[in-house]
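Report on the structure given below.
The values are calculated or read from the model by the stated rules, or taken from the named source; none is laboratory data. Keep in mind that what you see is a predicted model, and the values were worked out from it rather than measured. Cβ: placed from backbone, ideal geometry, glycine included. Neighbour counts: every protein chain shown. With ligands, DNA and RNA removed, areas are computed over all heavy atoms of the protein, side chains included. Shrake-Rupley method; radii C 1.70, N 1.55, O 1.52, S 1.80 Å.
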Amino acid sequence: MADESKLCHDTKLPRKRFFRQRAHANPFSDHNLDYPAHPSDMDWSSHYPEYAHDKTKKIEFADIGCGYGGLMIALAPLFPDTLMMGMEIRVKVQDYVYQRIKALRDTHADTKGYQNVSIMRMNAMKFLPNFFEKAQLSKIFFLFPDPHFKQRKHKARIISPTLLAEYAYALKVGGILYTITDVKDLHLWMVKHLDGHPLFERIPDDECEQDPVVEHVRTATEEGKKVARNQGDKFLACYRRIEDPLA
Ligand SMILES: C[S@@+](CC[C@H](N)C(=O)[O-])C[C@H]1O[C@@H](n2cnc3c(N)ncnc32)[C@H](O)[C@@H]1O
């Protein structure tokens, strides 16, 4: 049950100040989280009750490190038939997004709005293939990921050769991986690893800009808004999952 004092009296939206948590959670810990041994062991019906009857309906968009959930909440009404999931390691931040989605579902109950979006607490660096089948996703988002500035911390970055193999596994051919950051060094790091991966091909920037999702990638999240307020740069790079050239 939600603690009512943490919700806005009128809208029932959660009040962010009660859900703040220190910026970093250890990405190498499993945080004692439960995770399925195989994607088919996962029961998604509590996340998407409106779709519980349709076992063929699968999550297609994943927002990794979704923070306060702005991207998915912006995309949910634009793709009403697409199931999307935010993944967030910090428990209080996940609680906030959960309350946010619940309030939106209640407000839009007559149109069954926001039934296609959910949030899960997980460490995406550890268990992603336990949740998603091969070629299940059509979009995967990395918006303003933690930069882990120090060289000795680079291994904690959410884009790495090992993790790219997992993202390539979960993305279908033709699916798109979106990255954006205000940290140039991190942008160059992500581009270097994605350019070096045989299953990803960079989408030219002008083509990327035609993608209606990109506007939201730039502006919809808390970090994106903060960067805009501080007049920071936003470095965007989008990649297409391509066929395995060796297959
Ligand atoms: C800088 S914030 C950006 C949040 C959001 N994408 C935005 O643009 O506002 C990075 C987020 O990634 C989450 N995160 C970091 N490592 C993670 C992991 N291994 N699995 C899931 N979430 C993670 C952090 O807790 C944090 O909320």
Item to complete: Would you work out what percent of the accessible area of the range 39-241, with all protein chains in place, is carbon or sulfur (probe 1.4 Å)?
Response: 51
Worksheet entry | Förster radius 30 Å - calculated FRET efficiency between D233 and C8, Cβ distance, rounded to 0.05 | 0.35
Worksheet, complete the sentence: Mean 1/r over distinct Cα pairs of the chain, inverted to a Kirkwood Rh in Å, yields 18.7
Worksheet, complete the sentence: Heavy-atom accessible area per residue of the chain, all protein chains kept, 1.4 Å probe, expressed in Å², is 52
Item to complete: In a Gaussian network model over the chain where Cα atoms closer than 10 Å are linked, find which of D95, D43, D146 has the largest mean-square fluctuation.
Response: D43
Discussion item. As I understand it, the value is the acute angle between the Cα axis of helix 91-107 and the longest principal axis of the Cα atoms of the chain; what does it come to in degrees, rounded to 10?
Written reply: 60
Item to complete: Consider a paramagnetic label point 7 Å from the Cα of H38 along Cα→Cβ; state which residues of the range 155-197 have an amide N under 18 Å from it.
Response: 170
Worksheet, complete the sentence: Taking Cα atoms only, helix 161-170 is inclined relative to the longest principal axis of the chain by an angle, in degrees rounded to 10, of 60
Fill in: Karplus-derived 3J(HN,Hα), 6.51/-1.76/1.60, for each residue of the range 237-244, Hz, glycine and proline x
8, 10, 10, 9, 6, 10, 4, 6
Discussion item. I need the chymotrypsin sites (Phe, Trp or Tyr not before Pro) found in the range 102-184, filtered to DSSP loop residues with at most 15 other beta carbons within 10 Å of theirs.
Written reply: F149
Item to complete: Under a cut-off of 30 Å between alpha-carbon atoms, report the lysines in cross-link reach of K192, not counting same-chain residues fewer than 8 places apart.
Response: K126, K134, K139, K150, K153, K155, K172, K184, K225, K226, K234
Discussion item. As a test, work out the antiparallel percent of DSSP beta bridges whose residues both lie in the range 39-241, rounded to the nearest 5.
Written reply: 30
